[in-house]
Amino acid sequence: MIRYHDDEWGTSVHNDRKLFEFLILEGAQAGLSWSTVLKKRKNYRRAFDNFEPKKIAGYTKKDIKRLLGDAGIIRNRLKIAATINNARQFLKVQKEFGSFDKYIWQFVNYKTIINKYKTLSKMPAKTRESDAMSKDLKRRGFKFIGSTICYAFMQAVGMVNDHTTDCFRYDEINRKAQ
């Protein structure tokens, strides 16, 4: 968790495959802790073809059976089905916008929102931007993509800087966002 915080969380991501990975992992976390998902991340990459949307979009019932038998991932039938569905929707968004990156960053006007929270207790679970993102993703057929999941995704991929103001990463992220 410390390495994830220090090296990844909140860093701007503009690579479509990486954005897809975070979208799927945030959905997998629903009802669980992030540490549970993070511990299984390597297994997720293996089980889901390194989060290659084109490969996942072509998964069949045989793949679903394989995934349900894989103890290295969260074996929830609905979440697995959502991953396959979301890969298909992801490809549609890429085709429409040229990249998922171009589509998803529009919700923050293509730049990191820099918050100024002094404590974690002040941090919201969702915002109007995550509400808009969730609504549009749902309209496009995505699953496991509520506003709270969207906000966690936004935090993870650097769409918002929610490091507390006393965290060493806060200024690092802000400098990169400029």
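Every number in this text was worked out from the coordinates using simple rules, so none of it is lab data. All of these numbers come straight from a predicted model, not from anything done at the bench. When we count neighbours, we look across all protein chains shown, and the Cβ atoms used for this are built from the backbone with ideal geometry, even at glycine.
Quick check on my filter: what residues within segment 91-105 are farther than 22 Å from Tyr59 by Cβ, touching an Asp or Glu at 6+ places or on another chain (Cβ under 8 Å) and in contact (Cβ under 8 Å) with a residue 24 or more places away in the chain?
Ser99, Asp101
Is it the case, given these coordinates, that Leu67 is outside any loop (DSSP other than H, G, I, E, B), touching a residue at least 12 places away in the same chain (Cβ under 8 Å) and hydrophobic (A, V, I, L, M, F, W, C)?
yes
Across segment 19-54, which residue is surrounded by the most Cβ atoms within 10 Å (Cβ to Cβ) among those that are outside any helix (DSSP H, G or I) and of a type outside the set (Ser, Thr, Tyr)?
Looking at the filtered set, the residue picked out is Phe48.
Does segment 116-130 hold any residues that are over 15 Å from the mean Cα position of the chain (by Cα) and not in a loop (DSSP other than H, G, I, E, B), and which are they?
Within segment 116-130, Leu120, Ser121, Lys122, Arg128 meet the criteria.
Picking from Ser130, Ser147, which residue would you name as being touching a Pro at 6+ places or on another chain (Cβ under 9 Å) and small (Gly, Ala, Ser)?
Step by step, each of Ser130, Ser147 is checked, and only Ser130 is touching a Pro at 6+ places or on another chain (Cβ under 9 Å) and small (Gly, Ala, Ser).
If I ask for residues that are within 16 Å of the chain's Cα centre (by Cα) and assigned to a loop (DSSP other than H, G, I, E, B), which ones from segment 142-178 would you list?
Passing the criteria: Phe142, Lys143, Phe144, Ile145, Gly146, Val157, Gly158, Met159, Asp162.
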